[in-house]
Amino acid sequence: MATRRQADRLSRSGWLASAGCPCRSRSVSMPAHQTPTGVVLTPERRLALLQWAVKVSGVVIEDDYDSEFRFCAGRSDRAGDPFNVPPTFASTYRDGGAVGYGRWGNPSWTAFETALGALEGGAALAFASGQSAIAAVLETLPMGAEVVFPADAYLGTRQFLADVATRGRFVCRGIDATNTAEAISALKSADLLWLESPTNPMLGVVDLAPVLGAANSNGVLSVVDNTFATPLLQKPLDLGATAVIHSASKFIGGHSDLLLGCIVTRDEDLRQRLHSRRTLHGGIPGTMEAYLALRGLRTLALRLRQGQASAQRLAERLADHRLVTRVRYPGLVTDQWHVRASKQMSGFGALISFEVADADTADRLVDGLRLIVGGTSLGGVESTIDRRNRWPGEENVPAGLLRLSVGIEDCDDLWNDLKSALQ
């Protein structure tokens with residue numbers, strides 16, 4: 001059972017505003033230890049709420065909150081039940097239960113959503129892919145809405161916005177979101193602010209607290225793609241975001257074997273609208289995909305710890321290599337965004353972007369690798385590398401930039417592979 005010390009820590013962290021907890025408010029700006037009516041909770045009430053949340057979600061908190069969660073959310077607490085909710089392959093259910101048809105819900109989705117929601121601090125909804133989740137959020141906006149987004153955002157996000165803008169659905173405006181003054185100024189006529197931090201693939205860091213605070217003050221909805229940081233390194237909902245997006249295909253799933261997206265929010269009205277959209281538009285997750293994503297989530301802390309530790313060492317070694325012209329990694333003290341990331345994040349992540357002379361040099365490097373795999377995705381147990389400029393729509397990325405997703409392999413083995421390819 002949770003202790004008072006744990007309750008105080010969880011209250012300060014915002015965890016008590018997690019999915020299913022009765023203190024969750026529709027307002028994204030509600031302090032974590034206030035009720036929806038604004039009454040400050042006593043320590044006794046916070047402790048009671050924590051104990052309730054642990055009971056219903058299955059989350060077990062270690063004695064020191066600064067250590068990782070043991071990822072138990074989404075499990076049954078009934079005697080004799082399996083440790084993990086098994087995949088439920090069903091299109092139709094008997095009358096009288098909570099679910100009647102397979103498009104409306106599935107126990108495998110619910111288990112995954114419960115776990116991710118507990119970690120991110122909100123109520124989660126899973127979708128067929130990260131792109132499906134992106135589309136679902138944006139399609140809740142009215143015709144003619146203005147969307148402000150990072151000009152160097154994830155290519156799939158930019159392609160979706162370009163498509164709808166061409167058809168007159170939205171007005172879309174790209175900005176340098178790492179420029180705080182520019183981001184805040186862009187909110188004056190915006191309906192929705194879309195952010196990534198760190199950005200893909202330039203690894204820029206947005207100063208989330210003031211930008212999201214300004215969005216709230218101006219009545220602008222805000223969405224943060226937290227795929228790169230994961231909820232272990234950054235919690236945008238605690239900083240004021242309306243919603244958080246994940247491509248669970250990446251670090252959360254962690255094994256390069258599924259497509260899945262997720263949206264997490266504390267706004268109950270938005271969650272209901274997204275749920276209706278998912279049901280009506282059919283962007284539902286697969287049963288096996290949800291099961292695999294939850295299994296991956298159980299080991300996220302271990303995988304991310306290894307990948308991040310190796311990324312730090314590799315970034316430092318790459319920065320000293322004569323053929324590398326620039327390394328982008330917020331964990332380097334020389335990185336442009338190091339100070340900002342140090343204040344905002346609890347770690348610097350497992351992604352590095354580094355530059356060599358030109359595209360030909362980068363392509364030869366990738367061809368010379370034996371352990372690191374050339375491929376466009378990221379966040380798996382295997383290290384992958386991609387020259388982003390080769391893709392249509394990424395022309396503004398430096399031609400010699402390589403995005404390296406660091407997996408769980410031995411760091412020295414990875415460095416030897418890079419060093420050999422850099423000859």
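Under 15 Å Cα to Cα from K188, which aspartates and glutamates show up? Leave out anything in the same chain fewer than 8 places away. Partners within reach: E146. Taking amide hydrogens as placed 1.01 Å from N in the peptide plane, the amide H of E196 sits under 5 Å from those of D225, each at least 5 positions away in sequence or on another chain.
Anisotropy class assigned to segment 90-233 is prolate, per the alpha carbon gyration tensor with a/c at or over the 1.5 cut-off and a/b larger than b/c. By the Stokes-Einstein formula, at 1.002 mPa s and 20 °C, segment 240-338 with its Kirkwood radius over alpha-carbon pairs has D equal to 131 µm²/s. A Förster radius of 25 Å combined with the Cβ-Cβ distance from H275 to R173 puts the calculated FRET efficiency at roughly 0.30.
What do you get for trypsin sites (Lys or Arg not before Pro) in segment 154-241 restricted to DSSP loop and a cutoff of at most 11 other Cβ within 10 Å of the site's Cβ? Those satisfying the criteria are R167.
Given R0 = 25 Å, the distance between the Cβ atoms of E268 and S76 translates into a calculated FRET efficiency of 0.50. Computed extension gain for S91 through A151, at 0.36 nm per residue and net of the alpha carbon distance, reaches 17.5 nm. Full extension of the segment from A359 to D163, taken as 0.36 nm per residue of separation minus the current Cα-Cα distance, would add 67.7 nm.
Within the shell of other residues whose beta carbon sits under 11 angstrom from the beta carbon of A362, the net charge comes to -1, with Lys and Arg scored +1 and Asp and Glu -1.
Applying the criteria of a DSSP loop state and at most 14 other Cβ atoms within 10 Å to the chymotrypsin sites (Phe, Trp or Tyr not before Pro) of segment 128-187 yields no site. Sites listed here are GluC sites (Glu not before Pro) in segment 110-185 whose DSSP assignment is loop and whose Cβ has at most 16 other Cβ atoms within 10 Å: E139. Extension gain, N396-K419: 0.36 nm per intervening residue step, less the Cα-Cα distance, totals 5.6 nm.
Values in this text are rule-based calculations from the coordinates and carry no lab data. Not measured: the values here are computed from a predicted model. FYI the Cβ positions are ideal-geometry reconstructions off the backbone, even for glycines, and counts take in every protein chain you see.
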